[in-house]
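Chemist: I'd like to ask you about the structure that follows.
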Amino acid sequence: LEGLTEGLQETLKRPFFDIKTKSPDGSVIVEHATARRLYSLPWNLVYYQSLSSFSVPLRRQQNTIALISIPLAMVMAILGIVISETISIPLRRLRNAALRVREGDLNVRLTLRTRDETGVLAEALNQMLERTRDLLSNLETRVQERTSALAERSAYLQAVAEVGRLIFSLREPETLITRVVEIIRSRFGLYYVGLFEVDGSGEWAILRAGSGEAGKAMLARGHRIRIGSGMVGWSIAHN
């Protein structure tokens, strides 16, 4: 066995070495060998095997790994796609909602049932939009209230201005108070306005002008109210 002697001499340094043998047809075969010293007998035990025999389990292991890795790679690819879609779909919905909000649509509401960061972000966005809607609603209400107050004040000022013009233009008291009553009723949208005058005794408030048919009827019967009684009488008594 060519190489055996040199291999045994180098056993302590190199546990493996190559030897050459001849096949029955005379060709040289390179084989891999190892040697161990026996403790019970003064012998060396040598085991050798061809390199092709060594590679058989390796090839078998490679084939096994290939058979396992291909289905595993397919499963991992499918899982990767599923996980990617699971992450990307909520993100796309968040993006679309943000774009709608940027365009002025505040009625957006996200329904993400995930418990991760995207779900927390969606809930925060819903709360922010709800507060924004409430704020805008309150703002619109306040603007309407201010507008109504301004309109009422404007009507009041117009009524005051018209009464002032009447005072300077009309010299007859009866005509003046009749026109004043009608102006106040029309400007403030009231169904009835009456103008009372306190008599000389300070005990009675006498109706001097009233709007509509009800006013005419009360004027015809000389309607008066004792000062201090009723709404009109209480108002006069307390200035």
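The values are calculated or read from the model by the stated rules, or taken from the named source; none is laboratory data. Keep in mind that this is a model prediction, so the values were computed, not measured. Cβ sites come from the backbone with ideal geometry, for glycine too, and all protein chains shown count toward neighbours. Keep in mind that these areas ignore ligands, DNA and RNA; they rest on the heavy atoms of the full protein, side chains included. Shrake-Rupley method; radii C 1.70, N 1.55, O 1.52, S 1.80 Å.
Chemist: Between a first residue in segment 124-138 that is under 12 Å from residue 110 (Cα atoms) and a second residue that is open to solvent by 60 Å² or more (accessible area, probe 1.4 Å) and among the hydroxyl-bearing types (Ser, Thr, Tyr), which pairs have beta carbons less than 9 Å apart while being 6 or more apart in sequence or on different chains?
Modeler: 126/111
Chemist: Based on this model, can you work out whether residue 118 counts as modelled with pLDDT of 80 or more and either part of a helix (DSSP H, G or I) or surrounded by fewer than 10 Cβ atoms within 10 Å (Cβ to Cβ) (or both)? If you could, list the steps in order and put the result at the bottom.
Modeler: Values: modelled with pLDDT of 80 or more: no; either part of a helix (DSSP H, G or I) or surrounded by fewer than 10 Cβ atoms within 10 Å (Cβ to Cβ) (or both): yes.
No: the conditions fail for residue 118.
Chemist: Can I ask one more? For residue 134, which of the numbered conditions (1) of a type in the set (Asp, Glu); (2) under 30 Å from residue 195 (Cα atoms); (3) surrounded by 10 or more Cβ atoms within 10 Å (Cβ to Cβ) fails to hold?
Modeler: For residue 134, the exception is condition (2).
Chemist: Before we move on, is residue 110 part of a loop (DSSP other than H, G, I, E, B), surrounded by 12 or more Cβ atoms within 10 Å (Cβ to Cβ) and under 14 Å from the mean Cα position of the chain (by Cα)? Working first, answer last.
Modeler: On the way: part of a loop (DSSP other than H, G, I, E, B): yes; surrounded by 12 or more Cβ atoms within 10 Å (Cβ to Cβ): yes; under 14 Å from the mean Cα position of the chain (by Cα): yes.
Spelling it out, residue 110 is indeed part of a loop (DSSP other than H, G, I, E, B), surrounded by 12 or more Cβ atoms within 10 Å (Cβ to Cβ) and under 14 Å from the mean Cα position of the chain (by Cα).
Chemist: In segment 86-104, which residues are open to solvent by less than 80 Å² (accessible area, probe 1.4 Å) and over 13 Å from the mean Cα position of the chain (by Cα)?
Modeler: 88, 89, 104
Chemist: For the condition surrounded by fewer than 16 Cβ atoms within 10 Å (Cβ to Cβ), farther than 15 Å from residue 159 by Cβ and within 60 Å of the chain's Cα centre (by Cα), what is the one hit in 189, 230?
Modeler: 230
Chemist: Residue 36 is checked against (1) over 30 Å from residue 3 (Cα atoms); (2) in contact with a strand residue (DSSP E or B) (Cβ under 7 Å, 6 or more places away or on another chain); (3) among the charged types (D, E, K, R) and fails just one. What number does that condition carry?
Modeler: Here residue 36 clears every test but (1).
Chemist: Looking at segment 168-220, which of its residues are in contact (Cβ under 8 Å) with a residue 24 or more places away in the chain, touching a Leu at 6+ places or on another chain (Cβ under 8 Å) and assigned to a strand (DSSP E or B)?
Modeler: Listed by number, the residues that qualify are 194, 196, 208, 209, 210.
Chemist: For residue 170, state whether it is of a type outside the set (Gly, Ala, Ser) and out of contact with any strand residue (DSSP E or B) (no Cβ under 9 Å at 6 or more places or on another chain). Write out each step before concluding.
Modeler: Working: of a type outside the set (Gly, Ala, Ser): yes; out of contact with any strand residue (DSSP E or B) (no Cβ under 9 Å at 6 or more places or on another chain): yes.
Considered against the rule, which asks whether it is of a type outside the set (Gly, Ala, Ser) and out of contact with any strand residue (DSSP E or B) (no Cβ under 9 Å at 6 or more places or on another chain), residue 170 comes out as yes.
Chemist: Follow-up. Please give the strands (runs of 3 or more DSSP E) falling wholly within segment 1-63 in which 3 or more residues are surrounded by 11 or more Cβ atoms within 10 Å (Cβ to Cβ) and touching a Pro at 6+ places or on another chain (Cβ under 8 Å). If you could, list the steps in order and put the result at the bottom.
Modeler: Numbers: elements: 16-22, 28-37, 44-50.
Where strands (runs of 3 or more DSSP E) fall fully within segment 1-63, none carries at least 3 residues being surrounded by 11 or more Cβ atoms within 10 Å (Cβ to Cβ) and touching a Pro at 6+ places or on another chain (Cβ under 8 Å).
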